[in-house]
Amino acid sequence: MDTQAPETSQLIAGGAARGSMRAMSGIEFLRALMDGSLPTPAFSPTNRIRPVEAEEGRVVFEGEPKGDFYNPMGTVHGGWIATLIDTAMACAVHSSLKPGEIFTTLDMSVTFVRPVTEATGTLRCEGVLLHSGGRVASAEGKVYDTSGRLIAHGSETCLVTRANRAG
């Protein structure tokens, strides 16, 4: 198992992105990630997940399933699919935040309806904001294959707070 720490450049870029995140609205931050103005989070290339659309209350990510993500049954591990759907749902919440607001996931539920292999091809996941209140926001997500068949669906609840209150 490779347990190397992230490269220094990734840590510096992550710190710069966190600082920008606190100064921008959520949708501004997501668009800056998409256009390359801000560095992508380190987990994105590792997991082969990338944003392709972002508007307030709705984001779309694509994910490329690979054999590296297979479980012992020879299909993509549900944790990878959960990462894809969590990313889309969380970013749907993030898209609604004001400058200085941050969030963390409180609860997530995912239902898997089809297995995924490399042959499935690129998956598309849409996250949609359902509710955004003063402290709690919720979203839902759906993952589809290239033929438009549902792969998984889920929901998520997030706690929203001011960046300076988060410690």
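Throughout, read-outs are computed from the coordinates displayed, never taken from laboratory work. Computed from a predicted structure; not experimentally measured. Note: ideal-geometry Cβ built from the backbone for every residue, glycine included; neighbour counts use all protein chains shown.
Out of Val160, Val116, Val59, report the one residue that is part of a loop (DSSP other than H, G, I, E, B), surrounded by 17 or more Cβ atoms within 10 Å (Cβ to Cβ) and either in contact (Cβ under 8 Å) with a residue 60 or more places away in the chain or touching a Ser or Thr at 6+ places or on another chain (Cβ under 7 Å) (or both). Show your work before the answer.
Values: Val160 fails: part of a loop (DSSP other than H, G, I, E, B); Val59 fails: part of a loop (DSSP other than H, G, I, E, B).
One residue alone meets the criteria, Val116.
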Residues located in segment 65-96, provided they are in a helix (DSSP H, G or I), surrounded by fewer than 20 Cβ atoms within 10 Å (Cβ to Cβ) and aliphatic (A, V, I, L, M): Ala82
Output the residues belonging to segment 98-156 that are under 14 Å from Trp80 (Cα atoms) and among the acidic types (Asp, Glu). Glu118
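Inspect segment 67-78 for any residue being of a type in the set (D, E, K, R) and in contact (Cβ under 8 Å) with a residue 40 or more places away in the chain and give the result as yes or no.
Taking segment 67-78 as the starting set, the residues that turn out to be of a type in the set (D, E, K, R) are 68.
Next, from what is left, pick out any that are in contact (Cβ under 8 Å) with a residue 40 or more places away in the chain: none.
Within segment 67-78 (the criterion being of a type in the set (D, E, K, R) and in contact (Cβ under 8 Å) with a residue 40 or more places away in the chain), the answer is no, since none of the residues qualifies.
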Out of all the residues in segment 133-157, which are part of a strand (DSSP E or B) and surrounded by fewer than 21 Cβ atoms within 10 Å (Cβ to Cβ)? Val136, Ser138, Glu140, Lys142, Tyr144, Leu150, His153, Ser155, Thr157
